[in-house]
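Working notes, structure below.
Readers should treat all values here as calculations from the given coordinates under stated rules, not as data from a laboratory. The structure presented is a predicted model; accordingly, all values stated were derived computationally and were not measured. We place every Cβ from the backbone using ideal geometry, glycine too, and count neighbours over all the protein chains shown.
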Amino acid sequence: MPAQLRLLIEVVARACKLISHTVGKGALDNLLGQLDIENVQGEIQKKLDVISNDILLEANEWGGHLAALASEEMETIHLIPHRYPKGEYQLVYDPIDGSSNIDVNGIVGTIFSVLRAPEEASGREVTEQDFLQLGRNQVAAGYAIYGPQTVLVLTVGTGVFGVTLDREMGSWMLTHERMSIPVSTREFAINMSNARHWAPPVQRYINECLVGQTGPRGVDFNMRWMASMVGDVHSNLTRGGVFLYPWDARHTDRAGKLRLMYEANPIGMLVEQAGGAATDGLRRILDITPTGLHQRVGVILGSREEVERITCYHREDT
Ligand code: AHM
Ligand code: MG
């Protein structure tokens, strides 16, 4: 792995350590609740969204490994100020995924993706356009999950590894070597309250799961919904499962709720590296050409057999 990339990942991991500590303080440091401001997506920002965004920004800005950063919480890209050295990578992140869980002490996480700045950008400032790269060109991707344990799950394109934060020592310990998603599963994760909006292929799939043993699948399915993609994906990576946040009747152009650049792409890369699959119902997530930094996309990922089945239902429906 190039030294600059290693340094970058170490800095991100250090920032995640601080976010983990901050998330853990909650009401003790008056960190719960929301601010009276909206982010670029029109969502009210939580205090921890903003604090975590700043933690990642400040940790990475001066290290010399980045050309620019982009985040769910910032309208456009953040260039490295001229007073700091510039590097060859671009970092994209969602500082707090699952923000609605903050106040209820539920699972939240940080998701990040590393891109290489285009070579032709070496003599100039990078632009937002330089960030709009295919997910398959990511050089690294990962998430930190802040649950009963803080675990950082990472890929640099050679499999998936997890390190757990030893809170007494303040260091990361390798605890999950070569994580892999079982090919088959009997568990799905979806927000069932959106059922009336789903497209027919999703209705078909979930209905078949719900019918259980007596239906076409011939087996009973279990459901999980943590309201945090990182939480549900960590479950997929640990014991298998399929996670869906599909586009539905409320979305135009097959845009779902989740964001391509800093949610679907990094998680898609991790899932594929762990032997799973990730599509938007019709296209492989990592092959979708991004048209905007905050672009949204439908997401179906996890155990390969189920993702293939759901994708097949979508193809039959077109
Ligand atoms: P966020 O990054 O603003 O927190 O939004 C992403 C989250 C995902 O983690 C989760 O799967 C989904 O939104 C839950 O949304 P909802 O409760 O609206 O179904
Ligand atoms: Mg968020």
Problem set entry | Candidates 95, 201, 266, ranked by Gaussian network fluctuation over the chain, Cα under 10 Å, top entry | 201
Exercise. With springs only between Cα atoms under 10 Å, which of 270, 132, 56 fluctuates most in a Gaussian network model of the chain?
Worked result: 132
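How much length, in nm to one decimal, is gained on full extension between residue 38 and residue 105, taken as 0.36 nm per residue of separation minus their Cα-Cα distance? List each step's numbers first, then the result.
Values: separation 67, 0.36 × 67 = 24.12 nm, distance 2.21 nm.
Gain on stretching residue 38 to residue 105: 21.9 nm.
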For this session: Can you list which of the trypsin sites (Lys or Arg not before Pro) found in region 113-171 are DSSP loop residues with at most 14 other C-beta atoms within 10 Å?
Result: 124, 167
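Count charges around residue 113 for me, please; just the other residues with Cβ under 10 Å from its Cβ, Lys/Arg as +1, Asp/Glu as -1. Kindly include the intermediate steps, with their values, before the conclusion.
Working: positive: none; negative: 94, 263.
Surrounding charge for residue 113 is -2.
Can you sort 61, 272 by how many other beta carbons sit within 10 Å, fewest first?
Arranged by neighbour count, lowest to highest, 61, 272 become 61, 272.
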Problem set entry | Cα-based Lys proximity count in the chain, under 21 Å, for pairs eight or more positions apart or on separate chains | 6
For this session: State the Cα centre-to-centre distance between region 51-87 and region 192-219 in whole Å.
Result: 43 Å
Exercise. Build a GNM of the chain with springs between Cα atoms under 10 Å: which of 299, 153, 126 gets the top mean-square fluctuation?
Worked result: 126
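Over all distinct Cα pairs, what is the inverse of the mean 1/r for region 61-202, reported as the Kirkwood hydrodynamic radius in Å? Walk me through the numbers on the way to the answer.
Values: mean 1/r = 0.0559 Å⁻¹.
Result for region 61-202, one decimal place: 17.9 Å.
Determine, for 82, 197, 314, the number of other Cβ atoms within 10 Å of each Cβ, and report the residues in order from fewest to most. Can you show the working numbers first?
Values: 82 8, 197 14, 314 22.
Least to most surrounded, the residues fall as 82, 197, 314.
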Exercise. Between the DSSP loop rule and a limit of at most 16 other Cβ atoms within 10 Å, which chymotrypsin sites (Phe, Trp or Tyr not before Pro) in region 220-295 are left?
Worked result: 225
Exercise. Label 7 Å along Cα→Cβ of residue 125; region 30-65 residues with amide nitrogen under 18 Å?
Worked result: 61-62
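Let me know the shape class of region 1-67, please: from the alpha-carbon gyration tensor, a ≥ b ≥ c as square roots of the eigenvalues, rounded when a/c is under 1.5, otherwise prolate if a/b is greater than b/c, or oblate.
Numbers: a/c = 3.47, a/b = 1.74, b/c = 2.00.
It is oblate, given that a/c is not under 1.5 and a/b is not larger than b/c.
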Problem set entry | Acute angle (nearest 10 degrees) that the helix 304-317 long axis makes with the longest principal axis of the chain, alpha-carbon atoms | 70 degrees
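According to the square roots a ≥ b ≥ c of the eigenvalues of the Cα gyration tensor, what is the shape class of the chain, taking rounded for a/c under 1.5, prolate for a/b larger than b/c otherwise, and oblate for the remainder? Don't jump to the answer; show the numbers that get you there.
Values: a/c = 1.61, a/b = 1.44, b/c = 1.12.
Judged from the Cα gyration tensor, the chain comes out prolate (a/c at least 1.5, a/b above b/c).
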Exercise. Shape call for region 262-318 from the C-alpha gyration tensor, a ≥ b ≥ c root eigenvalues: rounded (a/c under 1.5), prolate (a/b greater than b/c) or oblate?
Worked result: oblate
Problem set entry | Value of [θ]222 nm, deg cm²/dmol, for the chain, DSSP H segments ≥ 4, -39500 (n - 2.57) each, nearest 500 | -8500 deg cm²/dmol
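Report the charge-dipole magnitude of region 177-261 in Debye, nearest 20, computed about the Cα centre from +1 at each Lys and Arg Cβ and -1 at each Asp and Glu Cβ. Intermediate results must be reported in sequence, preceding the final value.
Working: 11 positive and 7 negative charges, 27 e Å.
I would put it at about 140 debye.
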For this session: Among 112, 131, rank each residue by its count of other Cβ atoms within 10 Å, from fewest to most, as a rough exposure measure.
Result: 131, 112
For this session: Any chance you could run the full-extension gain for residue 192 through residue 305? It's 0.36 nm times the residue separation minus the Cα-Cα distance, nm to one decimal.
Result: 38.5 nm
